[in-house]
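Remarks on the structure that follows.
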């Protein structure tokens, strides 16, 4: 279905920007972005996508971490902006990294918009959960090694890791700063210390970096590499395919 945004004034579009590569924006996402009046974007939107946005003749507002303050714009402030612009008859794209309903506050914002009776539409995005490992040559499932996937964030309750499955693939988002403790917990929970681990920084982009090791070695390697970009961590036997597949990609 093609969105006729020009005839739908005063509406919010919760749009997934994908994992970072502009080429992984969906056709519908690009269509809505091009025709929007205002774009509010998050910290995890890819750098190349942000450059593209800034080249457009429209109002672009960053609502991620403020450069001048220690902290984040509160959700209440974002909600206020959304309502204000819609009340002014503007079409607003609320651009989020990955998919708006996967490990973000898209659901919270959709709930607010629904309660306020503000017209909105959710446009799914390519999630980093599967796209980043794919671009790193890592199949999340494999007939011989993994038939299940556990997706978590590194900010989850550390104690809950004692209940993590001993087999299958684990995908961890936002785990860069807690990787040492996460690996320790997984080992204590019964995972083999030599279980392969991949840490992928800025996945899908031209700056992608892949670091591999195991539960014992990867924390120190990550520390030595001094990673400063967004990372995704994959734990499991499927990581072994990265070197093989990447060689031919």
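Relative contact order for the range 5-126: 45 percent, from Cα pairs under 8 Å spaced at least 6 residues apart, divided by residue count. Run the numbers on the range 139-239 and let me know its relative contact order in percent, using alpha-carbon pairs under 8 Å that are six or more apart. Computed value for the range 139-239: 33 percent relative contact order. Comparing 109, 220, 47 in a Gaussian network model of the chain where C-alpha atoms under 10 Å apart are linked, the largest mean-square fluctuation is found at 220. Taking other C-beta atoms within 10 angstrom as a stand-in for reagent exposure, 62, 41, 13 fall in the order 62, 41, 13, fewest first.
At 222 nm, what value in deg cm²/dmol follows for the chain if DSSP H runs of at least 4 each add -39500 (n - 2.57) and the sum is divided by all its residues, to the nearest 500? Spell out each step's value before the answer.
Details: 8 runs with 72 residues, N = 249.
Mean residue ellipticity, 222 nm, calculated: -8000 deg cm²/dmol.
Modelled spin-label separation between residue 108 and residue 188, with each label point placed 7 Å from Cα along the Cα-to-Cβ direction: 2.8 nm.
When only Cα pairs below 8 angstrom with a gap of at least 6 residues are kept, the chain shows a relative contact order of 20 percent.
Panel order for 166, 81, by other beta carbons found within 10 Å of each beta carbon, from fewest to most: 166, 81.
Would you mind classifying the range 109-249 by shape? Square roots of the alpha carbon gyration tensor eigenvalues, ordered a ≥ b ≥ c; an a/c under 1.5 is rounded, otherwise it is prolate if a/b is larger than b/c and oblate if not.
Numbers: a/c = 1.70, a/b = 1.42, b/c = 1.20.
Prolate.
Between residue 237 and residue 87, the modelled labels are 5.9 nm apart [label points 7 Å from Cα along Cα→Cβ].
Order these by the 10 Å Cβ neighbour count, fewest first: 33, 118. Each step should come with its number before you reach the end.
Details: 33 23, 118 20.
Starting with the residue having the fewest Cβ neighbours, the order is 118, 33.
Beta bridges from DSSP with both residues in the chain: antiparallel share about 45 percent, rounded to the nearest 5.
With a ≥ b ≥ c the root eigenvalues of the C-alpha gyration tensor of the range 5-126, is it rounded (a/c under 1.5), prolate (a/b larger than b/c) or oblate?
Working: a/c = 1.32, a/b = 1.08, b/c = 1.22.
Rounded is the answer for the range 5-126, as its axis ratio a/c remains below 1.5.
Out of the DSSP beta bridges found with both residues in the range 129-246, what percent are antiparallel (nearest 5)? Looking only at bridges with both residues in the range 129-246, the antiparallel portion is about 75 percent.
Stretching residue 76 away from residue 217 to a fully extended chain increases their span by 46.6 nm, per 0.36 nm per residue minus the current alpha-carbon distance.
Each value in this text was obtained by applying a stated rule to the coordinates, not by laboratory testing. Note that this is a predicted model, so its numbers are computed, not measured. Don't worry about glycine lacking a Cβ; one is built from the backbone with ideal geometry, like all the others, and counts go over all protein chains shown.
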